[in-house]
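Following: one structure in structure tokens, then a few remarks.
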Amino acid sequence: MFKLLEPNKIFQITSKAPKYVLFLFVVVLSVGLVEALILSPEDYKQSDAVRIMYVHVPAAWISLGIFSSITVLSISGFIFKNKNFFLISKSLAPSGFVFNIIALVTGSIWGKPTWGTWWAWDARITSMLILALFYALYLISWRIYENEEKVFKISTFITILGIINVPIIKYSVDWWNTLHQPASINILSKSTIHSSMLYPLLIMTAAFALFSLLIFLMKYNTELIKIKNKGLDRL
Amino acid sequence: MYGRKVKLRFLFVSTILLILILTVFLVLKSLEENVVYFQSPSEIKSLTELTNNKIRVGGMVKKNSISMNSNEVNFIITDFKNEINVTYSGAVPNLFEEGKGVVAEGVLKDRNFFSATKILAKHDENYMPPEVKAALEEN
């Protein structure tokens, strides 16, 4: 099991995998876009404006998922003193940040024709903006600190601060009065989104996840090359 | 199984996380009034003093309550317990409809009258094609 974690073995995978992931991403994205933009029905209330959902919701999910992942990885890296976990976190963060921004921008574009405003300082939207700030802090911390030990500690601390915001984002629409509507997809109770709209949404989510995986592999590959260049043979 | 240092670091992280969660919880609890985006008509009714500050009232647009003339829209916001009359002049958003959610921003004239400067439509979490909606209404 631990043999697999040798940089050379990982490098073999990360340098070959991107092209397959890219191919899969293009296929899934094409299917997703056709489903979302053409085949799926319009909403009874919002008509075609509902199609923004197929970008907005997956982007928000992925950004929350990636932030949770980098928190778990950073904390594990800190507790078990595993450098590899930090490098995985560092490589995951950029795509999470980009999807967070996409969720905010598409939300704004969706808000204008439906709610009648580009922006509202309601709990869901504000907490999502705060998540973007934590992502930015996390990414900046890797840029400004040269010392490895220091950046591991500081970036972990930023993720611990930021993770508290994640359940707040999720439950903001239930705890407080917000302009943003509550969740349509529930694991425990029946979803309030029709299946003809749910499937395109799930396909788009898979497409975005593949895109994140692709960016992650490329970033992680770069990190491994850096290690190789330093002449180190272990993480 | 794990070394003493690993356990110590685990304890350290858990303590920090616990303290932070507690802090954030207390801060949000005390700021609750500012976190909510709007107040319901019932909350307006129970206000002890009225302010001239801009506030937001939200709820459902009462059925058959919208009346429009050339320069004004009047309607009633209800939370099915209390209601409040709203007057507004300007364009309403597309999704503004009777029986649907709405948030009005403006000032209170008194506990029953609200003068809005901005109307936002609040839509719910139900998404379905028009045919399904029609079928549901038939049942």
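Within the group B:Val57, B:Val73, B:Val13, which residue is open to solvent by less than 80 Å² (accessible area, probe 1.4 Å) and under 30 Å from A:Ile158 (Cα atoms)?
Values: B:Val57 fails: under 30 Å from A:Ile158 (Cα atoms); B:Val73 fails: under 30 Å from A:Ile158 (Cα atoms).
Testing whether each residue is open to solvent by less than 80 Å² (accessible area, probe 1.4 Å) and under 30 Å from A:Ile158 (Cα atoms) leaves just B:Val13.
Given A:Ala183, A:Ala209, A:Ala132, which one is assigned to a loop (DSSP other than H, G, I, E, B) and surrounded by 16 or more Cβ atoms within 10 Å (Cβ to Cβ)?
Answer to the selection: A:Ala183.
Going through region A:37-48 one residue at a time, which ones are surrounded by fewer than 19 Cβ atoms within 10 Å (Cβ to Cβ), outside any loop (DSSP other than H, G, I, E, B) and not polar (S, T, N, Q)?
A:Leu37, A:Ile38, A:Leu39, A:Asp48
List the pairs whose first member sits in region A:58-82 and is farther than 13 Å from A:Val166 by Cα, whose second member is not in a helix (DSSP H, G or I), and whose Cβ atoms are under 7 Å apart, counting only residues at least 6 apart or on separate chains?
Matching pairs, first to second residue: A:Ser76/A:Asn82.
Which residue out of A:Leu210, A:Leu133, A:Leu202, A:Leu137 is within 23 Å of A:Ile109 (Cβ to Cβ), of a type outside the set (S, T, N, Q) and either more than 14 Å from every other protein chain (Cβ to nearest Cβ) or in contact (Cβ under 8 Å) with a residue 24 or more places away in the chain (or both)? Steps first, answer last, please.
Working: A:Leu210 fails: within 23 Å of A:Ile109 (Cβ to Cβ); A:Leu202 fails: either more than 14 Å from every other protein chain (Cβ to nearest Cβ) or in contact (Cβ under 8 Å) with a residue 24 or more places away in the chain (or both); A:Leu137 fails: within 23 Å of A:Ile109 (Cβ to Cβ).
Only one candidate passes the filter, namely A:Leu133.
To keep it simple, each residue is scored yes or no on (1) out of contact with any Gly (no Cβ under 7 Å at 6 or more places or on another chain); (2) small (Gly, Ala, Ser); (3) modelled with pLDDT of 95 or more.
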{"site": "A:Tyr171", "(1), (2), (3)": "yes, no, no"}
{"site": "A:Asp174", "(1), (2), (3)": "yes, no, no"}
{"site": "A:Thr192", "(1), (2), (3)": "yes, no, no"}
{"site": "A:Ser195", "(1), (2), (3)": "yes, yes, no"}
{"site": "A:Ala206", "(1), (2), (3)": "yes, yes, yes"}
{"site": "A:Ala209", "(1), (2), (3)": "yes, yes, yes"}
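Does A:Leu202 fit the bill of being touching a helix residue (DSSP H, G or I) at 6+ places or on another chain (Cβ under 7 Å), open to solvent by 60 Å² or more (accessible area, probe 1.4 Å) and part of a helix (DSSP H, G or I)?
Details: touching a helix residue (DSSP H, G or I) at 6+ places or on another chain (Cβ under 7 Å): no; open to solvent by 60 Å² or more (accessible area, probe 1.4 Å): yes; part of a helix (DSSP H, G or I): yes.
No.
Scan B:Ile84, B:Ile66, B:Ile44 and give me the residue that is without any contact (Cβ under 8 Å) to a residue 40 or more places away in the chain and either within 11 Å of chain A (Cβ to nearest Cβ) or surrounded by 11 or more Cβ atoms within 10 Å (Cβ to Cβ) (or both). Show your work before the answer.
Working: B:Ile84 fails: without any contact (Cβ under 8 Å) to a residue 40 or more places away in the chain; B:Ile44 fails: without any contact (Cβ under 8 Å) to a residue 40 or more places away in the chain.
Among B:Ile84, B:Ile66, B:Ile44, only B:Ile66 is without any contact (Cβ under 8 Å) to a residue 40 or more places away in the chain and either within 11 Å of chain A (Cβ to nearest Cβ) or surrounded by 11 or more Cβ atoms within 10 Å (Cβ to Cβ) (or both).
The values are calculated or read from the model by the stated rules, or taken from the named source; none is laboratory data. The structure presented is a predicted model; accordingly, all values stated were derived computationally and were not measured. Cβ: placed from backbone, ideal geometry, glycine included. Neighbour counts: every protein chain shown. Surface areas here come from the heavy atoms of the whole protein model, side chains and all, with no ligands, DNA or RNA. Shrake-Rupley method; radii C 1.70, N 1.55, O 1.52, S 1.80 Å.
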